[in-house]
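This report concerns only the one structure given below.
Quick note: the coordinates plus some simple rules give every number you see, no bench work behind them. Remember, predicted model here, so these are calculated numbers, not experimental data. Here Cβ is always computed from backbone atoms with ideal geometry, including for glycine, and neighbour counts include all displayed protein chains.
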Amino acid sequence: MTAPRVALMVTCLGDVFFPEVGVSIVRLLRRLGATVEFPPGQTCCGLPLFNSGYHTEARAVAARTVALFRDADNVVVPSGSCAWMVKHEYPGLMQDPALKKDALRLAGRTYELSQFLVKVLGRRGFRATVGGRVTYHDSCHLLRGLHEAESPREILRNLEGVEFVELPGADECCGFGGSFAVRLPEVSSQILAKKLENVEATGAACLVACDAGCLMQMGGGLRRRRSRVRAVHLAELLDGGGA
């Protein structure tokens, strides 16, 4: 079987705040036999612009991203929100027929990490890098945009060395919502407080998510509470644990 070729779209939050997640993904995919490439010159996918109504500007960013990843066999993204943007909004943004065709091809080859592991590589059995109890938060774009709830859970339920427990209100927003947390910080803080109370009630040592925005929001809240719970990306839990 030919080794799959994967291009990593690291995302702007991953690049600035969670570079270790990108490193974990590269190590994990290489261990699974994939050839991993990193197209240089990556920028934001354009989601913040799109959500704020700046569709012309988002179109320019999207067109540049489509060109950067045009030759990729598979594109793996560590954030459900950015994967959703590429898969669901890029084709509609393109006005040029050739660009629309390229955007559609890219959309069909783009995967959030857990989806790629389970649905493309068929890998479900891993050993965890840490032990104990873990719980999982559904990011809004991954759950509602990509309709993905099972791939991360399938991995976590079968993850050797940990006990997976469901999070009450796992499908409820953490309060980040991109610019929502900046525009309405008081509301965002209240949503986050409810989420973190549910997290701590599980007795988990690790809170797992598949979106950098959620990790930034919840990880910051846990640190401010001086909680013993650590927010980690799924890739970090799998990196180095064997498969």
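Quick one: if the Förster radius is 41 Å, what FRET efficiency do A67 and A193 give, using the C-beta to C-beta distance and rounding to 0.05?
After rounding, the FRET efficiency stands at 0.45.
Roughly speaking, what is the centre-to-centre gap between region 1-38 and region 136-154 when only Cα atoms are used, to the nearest Å?
20 Å
Please list, short to long, the whole-number percent of alpha-carbon pairs of the chain in consecutive 10 angstrom bins beginning at zero.
For the chain, the pair-distance distribution reads 8, 33, 36, 19, 4, 0.
Tell me, what ³J(HN,Hα) does each residue in region 44-56 have, in order and in whole Hz, if you take phi through Karplus 6.51 cos²θ - 1.76 cosθ + 1.60 with θ = phi - 60° and put x for Gly and Pro?
Whole-Hz 3J(HN,Hα) from phi for region 44-56: 4, 6, x, 4, x, 5, 4, 5, 8, x, 8, 6, 5.
With the dipole of the chain worked out from charges on the C-beta (+1 for Lys and Arg, -1 for Asp and Glu) around the Cα centre, which of P40, A231, T135 lies farthest toward the positive end?
Farthest towards the positive pole: P40.
Taking H as built 1.01 Å from N, whose amide H comes closer than 5 Å to the amide H of S227, not counting residues under 5 places away?
none
Quick one: F69, F176, fewest Cβ neighbours within 10 Å first, how do they rank? Mind showing how you got there, number by number?
Numbers: F69 21, F176 26.
Fewest to most other Cβ atoms nearby, the residues stand as F69, F176.
Report, in debye and to the nearest 20, how large the dipole of the chain comes out about its Cα centre when Lys and Arg carry +1 and Asp and Glu carry -1 on their Cβ. It would help to have the intermediate numbers written out before the result.
Working: 29 positive and 25 negative charges, 55 e Å.
So the dipole magnitude of the chain works out to roughly 260 debye.
If the only charges are +1 at each Lys and Arg Cβ and -1 at each Asp and Glu Cβ, what is the size of the charge dipole of region 5-118 around the Cα centre, to the nearest 20 debye?
Details: 12 positive and 10 negative charges, 59 e Å.
That gives a dipole near 280 debye.
What distance in nm separates the simple spin-label points at R225 and T2, each placed 7 Å from Cα in the Cβ direction?
4.9 nm
Mean residue ellipticity at 222 nm from the helices of the chain, using -39,500 (n - 2.57) per DSSP H segment of n ≥ 4 over the full residue count, to the nearest 500 deg cm²/dmol?
Numbers: 12 runs with 105 residues, N = 243.
That calculation yields -12000 deg cm²/dmol at 222 nm.
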